[in-house]
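Report on one structure; see the data block that follows.
Derivation of every value follows stated rules applied to the coordinates shown; laboratory data play no part. All figures in this text were calculated on a predicted structure; none of them were measured in a lab. For neighbour counting, all protein chains shown are included, and Cβ atoms are generated from backbone atoms with ideal geometry for every residue, glycine included.
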Amino acid sequence: MPDTLEVADPLEIHTERVRPEWIDHNGHMNVAFYLTAFDEAAGAVARSIGFTNEYRKANNIGTFVGDYHIRYVQEVMEGDLLRFTYRIIDCDEKRFHYWQEMYHADKGYLAAEAEAITLHIDMSVRKVSPFPREIYERIRAIFEAQKDLPLPKNLGRQIKITRK
């Protein structure tokens, strides 16, 4: 991640086109592929922070997702171009909590929201371990730049049937 990257707003690093194999019997993107698309977008951000394949192999490190939630807002169709925003909600020396939004790139509407907690894993013992200083400083810098943004309305949302 360049030192000059503007991070005071949610990051926008990734776009993705809805692939034909992601379409289900209802003619729209299947729920399973929302996770795939969000994961691709999160991977782009992770690589910009320093979680490259070279880093993982050289240090025998992985990242695991400790918790993941998706909220589906509006359907997307085959061929639609998606854009993703990403922001770090909180972090410590071993994990970070992030929020993503998926938008229809051409029409501008919010298609889905996701939140997750990523864990830094020492693969030799398969346990959560501290980030290297340089990577933690990058994560922390993004968090510090974004921490005063209003929290997403659906952050930590509980799944339930809303009654009138």
- Message: Considering only C-alpha atoms, what is the centroid distance from the range 136-164 to the range 19-92, in Å?
- Response: 17
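What order do you get for LEU110, LEU11, LEU35 when you list them from fewest to most C-beta neighbours inside 10 Å?
Fewest to most other Cβ atoms nearby, the residues stand as LEU110, LEU35, LEU11.
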- The residues TRP22, TRP99, sorted from fewest to most surrounding Cβ atoms within 10 Å, come out as TRP22, TRP99
- VAL65 versus VAL128: modelled label distance in nm, points set 7 Å from Cα along the beta carbon direction: 1.7
- Folded to 0 to 90 degrees: helix 31-49 orientation relative to the chain principal axis, Cα: 30
- Message: Nearest 10 degrees is fine. How inclined is helix 133-146 to the longest principal axis of the chain, computing both from alpha carbons?
- Response: 40
- Expressed as a rounded percentage, what relative contact order does the range 58-128 have, with Cα pairs under 8 Å and six or more residues apart? 41
- Just one of (1) 16.5, 55; (2) 16.3, 58; (3) 14.7, 45 is Rg and Dmax of the Cα atoms in Å as worked out from the coordinates here. Which one is it? (1)
- Task: Using just the helices of the chain, give the 222 nm mean residue ellipticity in deg cm²/dmol: DSSP H runs with n ≥ 4 each add -39,500 (n - 2.57), and the total is spread over all residues, rounded to 500.
- Result: -8000 deg cm²/dmol
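When only Cα pairs under 8 Å and 6 or more residues apart are kept, what is the percent relative contact order across the chain? Don't jump to the answer; show the numbers that get you there.
Values: 271 pairs, mean separation 42.1, N = 164.
For the chain, the relative contact order is 26 percent.
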- Note on the structure: For the pair THR162 and THR52, the simple spin-label estimate (label points 7 Å beyond Cα toward Cβ) gives in nm 4.5
